[in-house]
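Data first, discussion second: the structure below is written as structure tokens.
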Amino acid sequence: MTTHAADTAEPIGPQRQALEDDLVATVVASFDGTADPRLRQVMQSLTRHLHAFIRDVRLTEEEWNTAIEFLTAVGHITDDRRQEFVLLSDVLGASMQTIAVNNRAHKGATDATVFGPFFVDDAPEIPLGGDIAGGASGQPCWVEGTVTDTDGNPVAGARIEVWECDEDGFYDVQYTDDRIAGRAHLFTDDTGRYRFWGLTPVPYPIPHDGPVGKMLDAVGRSPVRASHLHFMVTAENLRTLVTHIFVDGDPQIEIGDSVFGVKESLIKEFSVRAPGTPTPDGRDLGDRTWARTRFDIVLAPAGV
Ligand code: BEZ
Ligand code: FE
């Protein structure tokens, strides 16, 4: 059984206090000789915060061992296809905090959000108006927009990577058959415009069959993410944007996104069209419904 240190804690006398302070000071000083000043700053600050946390909750030895076992399990389940450390960072909000620290708002530039573990290099290239589904199931969704800089100039030739799960809530890499589906890249035209067919996003749980899922369970939190479509946009001399768009009206936005990725500015209208409604590019979708959305992307200058 876990010891509830807070319930049994006695007041800490000045002698213990001084001992604990001394240890922090000694460990901090052990990094004084670090040649790289940034590494020194990071290690010393980490030491102060870690010790402050241990002292704040009066961490028991049993809890410390549980933490070590937990991190060991996170390492053991991590491989080329499964990144449990990224999941851990995401559900603790550490990924979003790092993004907040590193992506200062700049003159209307599009907000960034969490990268997640499902991006794959070398996704196929599609032409403008092409389809990213590659056999993934779901409601077809026409996505269009522009890429501009913060002065409103169109960005021609911007590389747009897009990826999303199928209607069952799984990314291609979560299947064992090496399929490539629900992902692609394309380039903006000379006027900075882009368009493609994707799938209307659906809510899905982040992988929760491992230690991070167990932790969420223990604290009564849901693993479900609000419906979204991932983008990564790169262009010369402009800040790379990693983001997603979310579906206006998705109840999961109110319920809460398990990795804290939702930003108001990234919630977009996805309007659903009845079967037979003419599509923007004349594609015949037979008796299927389809949706459309617009996402105009503004890139900040590199280095701001
Ligand atoms: C994702 O959106 O793909 C994702 C983000 C964080 C954790 C797991 C998945
Ligand atoms: Fe995702």
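The values are calculated or read from the model by the stated rules, or taken from the named source; none is laboratory data. Remember, it's a predicted structure, so these values are computed and weren't measured experimentally. Because the Cβ atoms are built from the backbone with ideal geometry, glycine has one as well, and the counts that use them run over all protein chains shown. Heads up: the accessible areas ignore ligands, DNA and RNA and are worked out on the full protein's heavy atoms, side chains in. Shrake-Rupley method; radii C 1.70, N 1.55, O 1.52, S 1.80 Å.
Looking at the chain alone, DSSP beta bridges between its own residues are antiparallel in about 75 percent of cases.
Summarising the label geometry, the points placed 7 Å from Cα in the beta-carbon direction at R294 and T191 lie 1.3 nm from one another. For region 71-141, the list of trypsin sites (Lys or Arg not before Pro) that fall in a loop by DSSP and count at most 13 other C-beta atoms within 10 angstrom reads R81, R104, K107.
Note on V42: accessible area approximately 60 square angstrom, rounded to 10, probe 1.4 Å, nucleic acids and ligands left out.
Helical content of the chain, expressed as a calculated mean residue ellipticity at 222 nm, amounts to -8500 deg cm²/dmol (DSSP H runs of 4 or more residues, -39,500 (n - 2.57) each, divided by residue number, nearest 500).
Put the Cα centre of region 65-144 next to the Cα centre of region 238-304 and the gap is 16 Å.
List residues of region 52-74, by number, whose backbone nitrogen lies under 16 Å from a label position 7 Å along Cα→C-beta of F85. The answer is 68-74, whose backbone nitrogens lie closer than 16 Å to the label point. Taking every protein chain into account, the 1.4 Å probe leaves L88 with about 20 Å² of accessible area, to the nearest ten. Using a simple spin-label model with pseudo-atoms 7 Å out from Cα toward Cβ, E236 and V27 lie 4.9 nm apart. The residues neighbouring G276, those whose beta-carbon lies less than 14 Å from its own, together hold a net charge of +1 under the Lys/Arg +1, Asp/Glu -1 convention.
Within the assembled protein chains, the solvent-accessible surface assigned to T200 is about 30 Å², based on a 1.4 Å probe. For region 235-253, backbone nitrogen atoms closer than 18 Å to the point 7 Å from V272 Cα along Cα-to-C-beta are found at 246-253.
Rolling a 1.4 Å probe across the protein heavy atoms gives region 189-304 an accessible surface of 48 Å² per residue.
Measuring nothing but protein heavy atoms, the accessible surface of the chain at 1.4 Å probe radius is 54 percent carbon and sulfur.
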